[in-house]
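The values are calculated or read from the model by the stated rules, or taken from the named source; none is laboratory data. The structure displayed is predicted, hence computed values, not measured ones. A quick note on method: Cβ atoms are made from the backbone with ideal geometry, for glycine too, and the neighbour counts reach across all protein chains shown.
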Amino acid sequence: MRRRLGRLGPTWAKASIPVYSIVLAFAVAAVVVIISSAFTATGFDPLLPLAAYLRLFAGAFGSGNGIANTLVAAAPLMFGGLAVGIGLKAGLFNIGVAGQFLVGAFTAAVIGAALATAPTIVGMPLAMLAGGLAGAVYGFIPGYLKARTGAHEVVTTIMLNNAAALLLTWAVNDLVRAPGFSFPRTADIGQSALPILAGRNLHLGIVFAIAAVLVIRWILVRTTLGFEIRTVGANPNAARYAGMRPIFITALTMTISGLLAGLAGAIQMLGVIGFYAPGITASVGFDSIAVALLGRSDPIGILFAALLFGAFRAGAPLMQIETSVPIEVIDIIQALVILFLAADLIVRKVFRVRAPKVEITEMATVTGSWGAGTPPPGTVS
Amino acid sequence: MSDKTPVLEMRGISKRFPGGTLANDSIDLDLGDREIHALLGENGAGKTTLMNILYGLVTPDEGEIRIDAAPVTIQGPADAIARGIGMVHQHFMLVPVLSVAENVVLGQEITSVDGVLDMRTAERRIRELADRLGFSVDPGVRVNQLSLGQQQRVEILKAIYRGARILVLDEPTAVLTPQETREIFSVLRRLREDGTSIIFISHKLDEVLEIADRVTVIRRGKVVGSRKPAQTNQDELAELMVGRAVSLRVDRGQSHPGDVALEVVGLRALDDRRHEMVRGVELSVRSGEIVGIAGVGGNGQDELVECVVGLRKPFAGTIRLAGRDITRLSVEARRDLGIAYVPADRQRFGLVLPYLLPDNFVLTRYGEVPYAGGLGGFVRQDQPIRSEAGRLAKEFDVRSSSLDVAASTLSGGNQQKVVVAREFRHDLKVLVVDQPTRGLDVGSIEFIHKQVIARRDAGVAVLLVSAELDEVLDLSDRILVMYRGRIVGTFASAEAQREKVGLLMATGEART
């Protein structure tokens, strides 16, 4: 028993703040639901949150279909969370996942449509690969700019998000518009779609996503490249001193981040959407930031965070149908989770968690991204 | 002076920090009227905590503070200042772009009736005060145009201007040249005559013996002894401070220089702000020889060292390693050729503080066999990394509860030992050490000095940079003085007199 606790200790030390943040977010959202219940037809109902949360859970995990929906929603979030997370490990805040996601989705749609009649074993991997590479190229641009000129990646990726959405709208309208539809869209991907594993919609993407989690974890923890990425993120001066090349690592990490974001777009395209049309939602891009922060940039943490956010998306419709609590409550909970993660002092006060000895670098990267500069590293004797 | 009532008494002061560290363990300290009382102790002994309690920055768990025999509570710096306590921190708290007078009155500005700043009156008063204390400071000049020694005097002026009768100086000589140190000592003596009582925090034994009327030694939060300088000596004080006998003299032995290992010719380099900091440096280091560079900080030593190890690209000149031009090689390539480097700032460059010890022990060798292997050296090998870390921790006496702690949890001395252990490998040709003992206590300094000499005796060419003149003098076989980007003098160890070198450091000229 003691041995097991000893092994769990460090994991819990890392996971405690995210877990408590979730608990606190549910509690505060419950207050919002109770207060707002007074203004609805059902009338004031202090037990409404409980009912709503039970339905939310049932919707996400209560049936085979629910679980499938959860996994389908979680898969792109895993890729996107890894994209943000690996950037944070290198001290980079990639806000451009949304843009890289769109570029990846578009490219996968075009290549998938071109290979629509080819066997799945040919078309699907090529479309995936094309989506990933397109995302990688789109991630390389801000990475190169940062490495060469010092242009801050937060600024450049925000710009590139808009650039991607507008360029792709133009491309769908004028370059690859499929004939026979009343609105601009790409042609059907046909055989290039991700195969369905089970049920109505559980496609192969979740397998790719879990594989990606394991690969990225292996790279970060076990390889010299991962050591270089982490060192550049934790202390770029020491990285230079140790003979690493922070410029190269920065550009490479943004490229890998873009690759993962592009793959997120590709699996969403090939597994769920099926064609590219202007205005397809890139909400995965921003949810990915939340997933990475909740997962503490740790691939396994990101896996669980993505499952949670996937469960929110999958369970919310049932909650709305059966308790009239609107889906938007999910957005409140997600926002509160991030709020509490950022303001972890609140969580520490409420749950009496002691401050860690070493600064959590991913939050430092995010908060330092807004011009304040990275705060000095943790306490030193 | 000791017959009269002390101006300040601290009785039974205890402070335990969250986490259990007992920083102060019922400390008694008293300060006589017009006394210079030195507080001596290793890093982490509790000196600073005690002074922070006096200045109201830390609340003690137990104990009493009395000023002129009356008990007082000090709840913050404002209280302390109101009771006549002034503090000069190790890092100056001055606004560089304001004038001396503006800095001194900051927070207590003199205004005319309509609220307009009256700087003329302020400057006059400050000039009067400076004259009385024998300071040569022009109140109108901007602080960023002053030397560190002059800035320190501004800090003292600020404290006295605010009515300090009790002045606390935290390691005041750490940043000064020997000349400036002498000047500040005469300032302190003048202040004493003028009626100020002074607490002087230091870990430099010779200085304490020279300036203090009384020395109190603190070890691990306890007062372990109090001496008059006439009744003690450096060896006794060092033993009190560390808790065991310490050898203060470096036994350098005879050097046996071989061929030239490192050669720098006509080197010129810019700093990050594109100022030319290295302006034509020529030097050479033979294997089996320690060459020390003495100089006041900021005269281009850092940039010179960065050029040698490959962190900075010079715009002119050549660096050769055993005859081979390495000017354009990367940091990594130079390491492979046998150059190791102990950086001046261990926390900024030498370590990754959140990393556990094993990763820090191999930080500069992470890509080498056997620490990486498989898939073309892509996969890190935990077992060799851990066993190397264990071996180095043992050999260099790095004290920590286990290897699996973050480097940030180690004391400064142990952090430095991690860096030294990693860099002092056996197949070295050139070892570059920049400020190897900055901020370390006597015991760690002794250890690291011995290791440097052992490397020299094994045939390594050592280039030493230090702002501590004594360290350069004690360790070096040859001493170069760097001033404004150039080497302005060379001394063989036997001819290097402290005063001569110090004068050259301060002025760039060898006046007699």
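So which of A:V84, A:V122 is in contact with a Ser or Thr (Cβ under 9 Å, 6 or more places away or on another chain), within 27 Å of A:A238 (Cβ to Cβ) and outside any loop (DSSP other than H, G, I, E, B)?
Answer to the selection: A:V84.
Find the residue count for the range B:359-374, including only residues that are assigned to a helix (DSSP H, G or I) and over 17 Å from A:I229 (Cα atoms).
1
Within the range A:104-147, can you find the residues that are over 23 Å from the mean Cα position of the chain (by Cα) and not hydrophobic (A, V, I, L, M, F, W, C)?
Scanning the range A:104-147 gives A:G112, A:T117, A:P119, A:T120, A:G123.
Scan the range B:410-420 and tell me whether some residue there is in a loop (DSSP other than H, G, I, E, B) and modelled with pLDDT under 90.
Within the range B:410-420 (the criterion being in a loop (DSSP other than H, G, I, E, B) and modelled with pLDDT under 90), the answer is yes, since at least one residue qualifies.
Looking at B:S402, B:S387, which one is more than 19 Å from B:R438 (Cβ to Cβ) and within 13 Å of chain A (Cβ to nearest Cβ)?
From the options B:S402, B:S387, the qualifying one is B:S402.
Does the range B:423-432 contain at least one residue that is more than 22 Å from the chain's Cα centre (by Cα) and surrounded by fewer than 16 Cβ atoms within 10 Å (Cβ to Cβ)?
So far as the range B:423-432 goes, yes, one or more of its residues are more than 22 Å from the chain's Cα centre (by Cα) and surrounded by fewer than 16 Cβ atoms within 10 Å (Cβ to Cβ).
Of the numbered conditions (1) over 21 Å from B:K429 (Cβ atoms); (2) modelled with pLDDT of 90 or more; (3) among the aliphatic types (A, V, I, L, M); (4) crowded, with 18+ Cβ neighbours inside 10 Å, B:A261 fails exactly one; give the number of that condition.
(1)
If you check A:A311 against the conditions, is it free of Cβ contacts under 8 Å to residues at least 60 places away in the same chain and in a helix (DSSP H, G or I)?
Spelling it out, it is not the case that A:A311 is free of Cβ contacts under 8 Å to residues at least 60 places away in the same chain and in a helix (DSSP H, G or I).
In the list B:A159, B:A174, B:A130, which residue meets the criterion of being surrounded by 14 or more Cβ atoms within 10 Å (Cβ to Cβ) and touching a Gly at 6+ places or on another chain (Cβ under 7 Å)?
B:A159
Would you check if there is a residue in the range B:395-405 being surrounded by fewer than 13 Cβ atoms within 10 Å (Cβ to Cβ), under 17 Å from B:G443 (Cβ atoms) and not acidic (D, E)?
Yes: the range B:395-405 contains one or more residues that are surrounded by fewer than 13 Cβ atoms within 10 Å (Cβ to Cβ), under 17 Å from B:G443 (Cβ atoms) and not acidic (D, E).
Pull up the range A:243-280, narrow it to residues that are more than 29 Å from A:V122 (Cβ to Cβ) and outside any helix (DSSP H, G or I), then point me to the one that is nearest to the other protein chains (Cβ to nearest Cβ).
Only one residue tops the list, namely A:G243.
Residues to consider are A:L204, A:L160; find the one that is touching a strand residue (DSSP E or B) at 6+ places or on another chain (Cβ under 8 Å) and either more than 14 Å from every other protein chain (Cβ to nearest Cβ) or at positive phi (or both).
Only one candidate passes the filter, namely A:L204.
Take the residues in the range A:221-242 that are touching a Gly at 6+ places or on another chain (Cβ under 8 Å) and among the small types (G, A, S), then tell me which one is farthest from the other protein chains (Cβ to nearest Cβ).
Within the range A:221-242, the match that is farthest from the other protein chains (Cβ to nearest Cβ) is A:G233.
Here are some conditions: (1) in contact with a Lys or Arg (Cβ under 8 Å, 6 or more places away or on another chain); (2) free of Cβ contacts under 8 Å to residues at least 60 places away in the same chain; (3) β-branched (V, I, T); (4) more than 25 Å from B:T21 (Cβ to Cβ). B:V362 meets all but one. Which one does it not meet?
B:V362 satisfies all of (1) in contact with a Lys or Arg (Cβ under 8 Å, 6 or more places away or on another chain); (2) free of Cβ contacts under 8 Å to residues at least 60 places away in the same chain; (3) β-branched (V, I, T); (4) more than 25 Å from B:T21 (Cβ to Cβ) except (2).
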